[in-house]
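Inspection log for the structure reproduced underneath, given as structure tokens.
The values are calculated or read from the model by the stated rules, or taken from the named source; none is laboratory data. Nothing here was measured: the structure is a model prediction, and the numbers come from that model. Cβ atoms come from the backbone with ideal geometry, glycine included; neighbour counts cover every protein chain shown. Note: accessible area is taken over every heavy atom of the protein model, side chains too, but ligands, DNA and RNA are not part of it. Shrake-Rupley method; radii C 1.70, N 1.55, O 1.52, S 1.80 Å.
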Amino acid sequence: MILIAGSCSVVGFSMNSQLKTRVAALKSFLGATQLLQAEIVFRRSPLPDILPLIIRECPGAAASFYRTVLHMMTEKGCSFSLACDRASSELRHFSLKRDEIEWICSVSHIAGRYDAATQADRLSGILSRLELALRQAQDEAGQKGKLYRAVGVTAGIMIALAAV
Amino acid sequence: MNCNEANKQFMTAAGLLPERLWRAAFSIAPEQRGLVEEFRLRVGRPFYAAGAGLHFRLADCVTKDELDELLQRATRSSVHTYLEQIRQGFLTSVSGHRLGLCGEASAQQGAVFNLHSFSSCNLRIARQFIGISEDLRARCCRQGFESTLIVAPPGGGKTTLLRDMARGLSQSLTVCIADERMEIAACRDGEPQFDIGLCDVMSGGQKREVLTMLLRSMSPQVIALDEITGEDDARALIAASYTGCRFLTTLHARNAAELALRPAYRTLLKQGIFRHIIEITLDNGQRSYRLLTEGEMKDDQTVGNDSYRGLMLCGRFFHEQPA
């Protein structure tokens, strides 16, 4: 009985945790993209110099993803876009939705390919999408998080009682 | 430059190449790698290396993807950082190797806005020969250092000589380097990739602006800078010369006599900016140096004398200095 109630609660807490992970990942990538844009526009820094900054300043999902990207660029000689493509499978671990993963990956088709002004314009588009996604994720986490926990615990107790 | 250093430079330059071409480059025998001065890549045509009068055919057709990959590596996937250089048809990699570019130019308001659809490029391996300028430097400094112009054809070793002269001069004078093309010091994160002694370096930026900034901020006695090409640069140099600063610069030309053909240099010569001209000649990969110093013409020189060699440029006499 305790086991049934416990496992249902864990499912509920786990679903709540996924929502929180997504919010944290979006926050991290939003910060990383803002930093990337600022470094490109104001300092014209090359990407291999920006990535260590992102790793340091944007802990969490972005740091982990761009650490892999930087490793592929420096150790394997991959271009930024190729390294991002190869590292994109890592993004699935952050509970992000498919279109959010696509937006994050699309940074690799913009950063370093054009003059700074064009990059700034196109990165602004991605930033606004990420901001919107973050707001939605926060709302979802606020509304559904508690619900998932409550449903998990309640379902566990109900099933246990039914079993008895 | 010893054999190890030459091989190291060869390896860092070859490391920029895509894998197939990189492997092909290493098919050159180790003892010949130090002779290679450049790699030539042309889309749809063979991959070559050249240097010291030798040509090595290293691989078959270079593909467009390989050229793009080379560009990605040379720009560190960051076109925005190197856009100004790309507009001028070249870019300097972090190790100081220069990638000359050919492609389609996009124009905007009468000026080249960008280069794209690259069709060929040459990767020039940066070399450092410490001490090659000692004799020339001593001769230029007999009565204190005066502004010096280094003249040589492409691939003649102008930048290498300029770098070594700047390094040597910096032991006794305040020398600044205006490194517009980032070839002289090849600074990376503020750290020069070559031995430039005690020189202060301002990388990137246009010469006319950088000269003013250096004069204002660093009180240089000598400014070393790469080729003066436009009249704007020449005017900036003349204006800067009024501060008492001396210059060390280079020019692409077959010989010193060709100086008078260029409007910017005619202006500089008439103003008496340069007191010394160093001419580098290339013969079968061997370089020889000739120093010409401005001075008055003597009677026996006017009528001609077998032992005398010199030339008149824009009303000024330059006499060859014996070694």
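Annotations
- Contour excess over end-to-end distance, with Cα ends at residue A:128 and residue A:44 and 0.36 nm allotted per residue: 28.0 nm
- Residues within the reach of a label modelled at residue B:271 (point 7 angstrom out along Cα to beta-carbon, backbone nitrogen below 18 Å), restricted to the stretch B:176-210, are B:178, B:206-210.
- Chains B and A together bury roughly 1100 Å² of accessible area, counting both sides, with a 1.4 Å probe on protein heavy atoms only.
- The stretch B:223-268: proportion of alpha-carbon pairs further apart than 13 angstrom, %: 56
- Value of relative contact order over chain A, rounded to a whole percent, pairs C-alpha under 8 Å and six or more apart: 44
- Across A:73, B:213, the residue with the most accessible area heads the list, and the full order at a 1.4 Å probe is B:213, A:73.
- Overall form of the stretch A:69-164 per C-alpha gyration tensor (a/c, 1.5; a/b vs b/c): oblate
- Values of log10 I(q)/I(0) for the protein assembly as shown across q = 0.05, 0.07, 0.10, 0.13 Å⁻¹ run -0.29, -0.50, -0.85, -1.23, by the Debye formula with one identical scatterer at each alpha carbon and no solvent.
- Lys/Arg +1, Asp/Glu -1 at C-beta; the protein assembly as shown dipole; positive extreme among B:271, B:107, B:286: B:107
- Listed by chain and number, the aspartates and glutamates placed with their C-alpha closer than 16 angstrom to that of residue A:97 are A:131, A:139, A:140; residues fewer than eight positions away on the same chain are left out.
- Positive-pole candidate from B:206, B:239, A:164, dipole of the protein assembly as shown, charges at beta carbon: A:164
- Chain A, accessible surface, carbon-and-sulfur percent (1.4 angstrom probe): 58
- The distance separating the Cα centre of the stretch B:256-289 from that of the stretch B:58-136 comes to 26 Å.
- In chain B, lysine pairs closer than 28 Å at Cα, eight or more apart or cross-chain: 6
- Of the GluC sites (Glu not before Pro) found in the stretch B:191-268, none is in coil by DSSP with at most 12 other Cβ atoms within 10 Å of its Cβ.
- Debye, to nearest 20: dipole size of chain B, +1 on Lys, Arg Cβ, -1 on Asp, Glu Cβ: 140
- The antiparallel fraction among DSSP beta bridges confined to the protein assembly as shown stands at about 65%.
- Efficiency of FRET from Cβ geometry, residue A:92 and residue B:3, R₀ 60 Å, rounded to 0.05: 0.75
- Rg ratio for the stretch A:2-163: its Cα radius of gyration over 2.2 N^0.38 Å, N being its residue count, equals 1.26.
- Counting only heavy atoms of the protein chains and using a 1.4 Å probe, residue A:121 has close to 110 Å² of accessible surface.
- Largest accessible area first, the listed residues A:36, A:70 line up as A:70, A:36 when surface is computed with a 1.4 Å probe on the assembled protein chains.
- Centroid-to-centroid separation of the stretch B:15-35 and the stretch B:183-200 [C-alpha atoms, Å]: 26
- Translational diffusion coefficient of the stretch B:105-206 (Stokes-Einstein, Kirkwood radius from Cα pairs, 20 °C, 1.002 mPa s): 137 µm²/s.
- Cut-off 20 Å, label 7 Å out along Cα→Cβ of residue B:120, residues of the stretch B:13-35 by amide N: B:17-18, B:21-22, B:25
- Computed E for residue B:287/residue A:99 - FRET, C-beta separation, R0 56 angstrom, nearest 0.05: 0.35
- Taking only alpha carbon atoms, the stretch B:134-321 gives an Rg to Rh ratio of 0.96, where Rh is the Kirkwood radius.
- For residue B:61, the accessible surface of its heavy atoms amounts to roughly 80 Å² (probe 1.4 Å, protein chains only, rounded to the nearest 10).
- Compactness relative to 2.2 N^0.38 Å, alpha carbon Rg of chain B: 1.03
- Computed from the Cβ-Cβ distance with R0 of 25 Å, the FRET efficiency linking residue B:64 to residue A:67 stands at 0.20.
- Of all beta bridges that DSSP places with both ends in the stretch B:135-267, some 10 percent have antiparallel geometry.
- Per residue, the protein assembly as shown exposes an accessible area of 48 Å² to a 1.4 Å probe, with every protein chain left in place.
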